[in-house]
Every structure is written in C-alpha cells, then in structure tokens.
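Here the structure is laid out as structure tokens; the discussion comes afterwards.
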Amino acid sequence: MALTTITKKKWINIREYVMIVFGLLLYAFAWKGLLIPHQITGGGVTGVGALVYYATGIPISVTYLTINVLLLLIAFRIVGWQFSFRTIIGVIGLTIFLSVIPVFPLGTFVHENESFMACVLGGLIMGAGIGLIFLNNGSSGGTDIIAKIINKYHNITLGRALLYTDVLIISSSYFLEFGSIEKIVYGLTTLTISTVTVDMIINGVRQSVQFFIFSKEYDEIANRINKDLHRGVTILDGTGWYSKEPVKVLTVVVRKHESISIFRIVKEIDPNAFVSQTSAIGVYGEGFDVMKSK
C-alpha cells in the first residue's frame, strides 16, 4: 500500500513537470510567434526583455535570464529551496524555449496588418500557458518570485501592485521608435486577455456550488442526491425564527454543471422547498480537488 502511494506521488510529480514544460512552451510561442513580430509589449520580466529587444536587439532570453538569476538568488535565501527549485526549472525551460524558438516572420500566423488579432491570440495562448504552469505548482519566474517573497511576510493581495507594474512596462513602449498609443492599447489588451484566461484555467476547473436546502422532504431529497449524483449530503439542525419550529437543512457541494440536477431533484420532490445556492471556488477533498502545498 505504501509502495503504491509513493508510486502514485511520483507519477503526479512527473505529470506536473510535463504540464509545466508544455505551459512554458505555449508562453514562449505566444511571444516569438505573435507578440514580438507585431512589436507588442506584455507585462512582467518578459515584457522588459521585449522592450530591451525592440530598443537594442539583445535577445529577449538574455534579459529574461539575467533578471531572473538576480531574483532567484534573493528568493533562495528568503522563500526556501522548494519554491526556488520549481522556479529554476521554469526559468531554465522558458529561457531555452525563448532561445530556440525563432522570431517568426511578420504575417506567418496573423496578417501583418492585423495586430489586434495577434494580441488577442497571443494573450489567449500566453494565458493558457501561465495557467497550466500555476495549476501544476510551477512558476515562470519574474514577478512570481517577487510576489512569493512579499507573501511570505505579508498576507496581502499583490494583484493591484503587479498590475500597476505591468501597465508601467507596457506604457514604456511609447518611448520607443515605433511607440504609439495604439501599441499601448494592444499591450493592455494582451495583458487583460491573458489575465482572464489564467483565471478561467485555474478557477474554471475548480468552480463548485454549495446548496442549502430547506425542506420537510429532506430525507428523500438527500437519498436522491446520494443515488443520482453520488454526492455526500450533510443534514444540519436548525430553527425557524419566525415559526419557532425545528427544521432540517441539507447542505451539499457539487460541481457547477451538476447544479441543474440538484434543482431538478428538489423540484420533483418538493416544489415548495427553499433553496440557496452560492459559488464555492476551491473545494478540496474526496470527489473534488486535491489539496496541494508548494
């Protein structure tokens, strides 16, 4: 039994690393195949590398690696080796992909006059890559390292701070030879699309809903949910403050797509039942997601 558990954990780790590498590949392709050919700037350290490349011709991989090496030295001392190890894998992998994948000629995937389409596709592919990396406990380095360091000491959301940084990086493209308001808008559009895509990938697969069902037919409803959906149901004892009568409350957590089945079961058994539904992002345990700690 112990051997089986160890083997399973090894396979999970292998799968995670494979998905991290695939995410890095998507991320690098978004830059070299869509954004750089159209001279679109994104956020993060890669965005800084793109600015340097546009201004001087220095490969984006060189700037990306140089900045991340400095950040990793700091993170290794402050955060610890486990996060740093996976981040090192991410930095090395992305550096290799950014070095190996050539800058595709303008118009290879999107027509040269369709920069907006390039930023949309680039944002989608970039967001998908980052989402896969995060979903498998990986990191692409850069601002991820800074966020991890600050989060170690402060329980705060860094989204706004990182957003301001990304907007500053993208806006800096205005001062380049080809810079314009149009290019800034393209960069901000790419940032927005990639952010939404990351959120959809990370939270979309975890979206669950929680029901509180008040019904005199609670036992029959609970049995049907167990039988039809194979979901556990917890029965709570409550008291109606208006009626001063005891009442049974069913609470059940299911995947979002299963909510229709819950309503159908309740309506069939007790059309007069009172039902409350709320979103629950990140449900962990049997039948849902596995808890992970980096």
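The values are calculated or read from the model by the stated rules, or taken from the named source; none is laboratory data. Just so it is clear, the model here is predicted, and its values are computed rather than measured. All accessible areas refer to the heavy atoms of the entire protein, side chains included, with ligands and DNA or RNA removed. Shrake-Rupley method; radii C 1.70, N 1.55, O 1.52, S 1.80 Å.
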Legend entry - 23 Å Cα-Cα threshold exceeded, pairs from LYS216/LYS267; LYS227/LYS256; LYS10/LYS227; LYS227/LYS248; LYS227/LYS267; LYS32/LYS183: LYS10/LYS227
Inset, instruction - Over the stretch 185-235, with every protein chain in place, what whole percent of the accessible area is carbon and sulfur at 1.4 Å, could you tell me? - result: 55
